[in-house]
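Peer 1: The structure follows.
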Amino acid sequence: MDFEDVFETAPCGYVLADKDGRITHANRTFAAWSGRSSEELVGRRFSDLLTVSGKIFYETHVAPTLHMQGSLSEVAFELVGADGTRKPMLVNVAETRPDGAPAQMRFAAFLAVERRTYERGLLDARDKAEATVVTERADSELREQFIAVLGHDLRNPLASISSGIHMLEKESLSDRGSKVVGLMGGSIVRAAALIDNVLDFARGRLGGGMTLQRDASEPLEPVLRQVVSELRSIAPGRAINAHYDLEEPINCDRMRIAQLLSNLLGNALTHGAKDMPVWIKATTADGELAIAVSNGGQPIPPATLQRLFQPFFRGNDRLKHGLGLGLHIASEIARAHGGTLVARSDPTATTFVFTMPLSH
């Protein structure tokens, strides 16, 4: 084997230099990359063939480290050719001390054009992805702030309409007028619940989270009865059977629990069988508060059941009803109370059960 030919025509650049980095020999491969002959390279410092930044890095980092530990691997440089072109390289360098001879440096250089192109492509892709994420985050925050402002500003006209309805209820109205006022009152209740859900969702996404005002000084049952009464007025033709067995006091946010029940009951009235009653059972036992809402009708498919509490999710049979926030907000209220909200559905009934510990 002709080792000299192997050295000269190797697919990588070989450079030998003295301890000061002056080239004593360079193979033809490296010489071709530099645009110079091997003879022209002899006597030049290896660092003189690099860019300004590469030369500084060589003098301040590579050379001192090499003298201390004897070798370095995969150091990235750019070789400046005779015509000014730059070629990215990865260089392995070792300092050897042959017996009785001065220290010698050995450089093995590999062109890294494709690798550098790949790395730059990755960096460009990362920058684009980061820019996209920033833009999407800004758009998302703007949408959520818009939702929050819109929901807040809707409260005032809704409150005015509600006040007008209450004033009309005190007037002498015909049967038809009383029916219309009742329907308007039901619409107000539904709209107010929708606004509450939107505001709670926006507040949670914007960092405010679900806020609670726990208070055990007032009973919970009257609030639950009021919710049932309001929903009965909205759906006068539906049977709602409620059972309460609550041992007070209950340390909870009564308004939030009422909101949870309203969402669950509204969901049951909307999606349950129209000719079957809705059952509500609120009890305290074994250190827990439990509120269950059941309705008859077609069972919820298992795939849909798994996603019920996701925001904005609506099953195929729910496309005409609401934003898909009611059950999500109910689950967040349960979680804020340290409890759970679960759903089960079979041909007999669909039931949502909220449980929370009585001690907090």
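Peer 1: Quick one: how many residues across segment 25-56 are in contact (Cβ under 8 Å) with a residue 24 or more places away in the chain and either in a strand (DSSP E or B) or outside the structural domain of A76 (by TED's automatic domain parsing) (or both)?
Peer 2: Residues in segment 25-56 being in contact (Cβ under 8 Å) with a residue 24 or more places away in the chain and either in a strand (DSSP E or B) or outside the structural domain of A76 (by TED's automatic domain parsing) (or both): 2 in total.
Peer 1: Can you pull out the strands (runs of 3 or more DSSP E) entirely within segment 178-297 that have at least 2 residues that are modelled with pLDDT of 90 or more, surrounded by 19 or more Cβ atoms within 10 Å (Cβ to Cβ) and not acidic (D, E)?
Peer 2: The qualifying strands (runs of 3 or more DSSP E) are 278-285, 288-295.
Peer 1: Which members of segment 6-24 meet the condition of being assigned to a loop (DSSP other than H, G, I, E, B) and touching a residue at least 60 places away in the same chain (Cβ under 8 Å)?
Peer 2: C12, K19, G21
Peer 1: Is it fair to say L246 is out of contact with any strand residue (DSSP E or B) (no Cβ under 6 Å at 6 or more places or on another chain) and either within 18 Å of G339 (Cβ to Cβ) or not charged (D, E, K, R) (or both)?
Peer 2: no
Peer 1: Out of (1) surrounded by fewer than 15 Cβ atoms within 10 Å (Cβ to Cβ); (2) at pLDDT 90 or above, what's the single condition that is false for K55?
Peer 2: Condition (1) is where K55 drops out.
Peer 1: Assuming D83 fulfils every condition listed in (1) touching a strand residue (DSSP E or B) at 6+ places or on another chain (Cβ under 8 Å); (2) modelled with pLDDT of 90 or more apart from one, which condition is it?
Peer 2: So D83 meets the others, but not (1).
Peer 1: Also, I was wondering about something else. Would you mind stating whether A103 is among the aliphatic types (A, V, I, L, M), touching a strand residue (DSSP E or B) at 6+ places or on another chain (Cβ under 8 Å) and in contact (Cβ under 8 Å) with a residue 60 or more places away in the chain?
Peer 2: It is true that A103 is among the aliphatic types (A, V, I, L, M), touching a strand residue (DSSP E or B) at 6+ places or on another chain (Cβ under 8 Å) and in contact (Cβ under 8 Å) with a residue 60 or more places away in the chain.
Peer 1: Follow-up question, since we're still on this one. What do you reckon, is T117 more than 25 Å from L325 (Cα to Cα), at pLDDT below 75 and part of a helix (DSSP H, G or I)?
Peer 2: For T117, the condition - more than 25 Å from L325 (Cα to Cα), at pLDDT below 75 and part of a helix (DSSP H, G or I) - is met.
Peer 1: While we're looking at this one, here's another question. Of the residues A193, A159, which single one is under 20 Å from L264 (Cβ atoms) and not assigned by TED's automatic domain parsing to the domain that holds L358?
Peer 2: The conditions single out A193.
Peer 1: The conditions are (1) free of Cβ contacts under 8 Å to residues at least 12 places away in the same chain; (2) surrounded by 18 or more Cβ atoms within 10 Å (Cβ to Cβ), and R307 fails exactly one of them. Which is it?
Peer 2: Going through the list (1) free of Cβ contacts under 8 Å to residues at least 12 places away in the same chain; (2) surrounded by 18 or more Cβ atoms within 10 Å (Cβ to Cβ), R307 breaks only (2).
The values are calculated or read from the model by the stated rules, or taken from the named source; none is laboratory data. No experiment lies behind these values; they were computed from the predicted model shown. Note: ideal-geometry Cβ built from the backbone for every residue, glycine included; neighbour counts use all protein chains shown.
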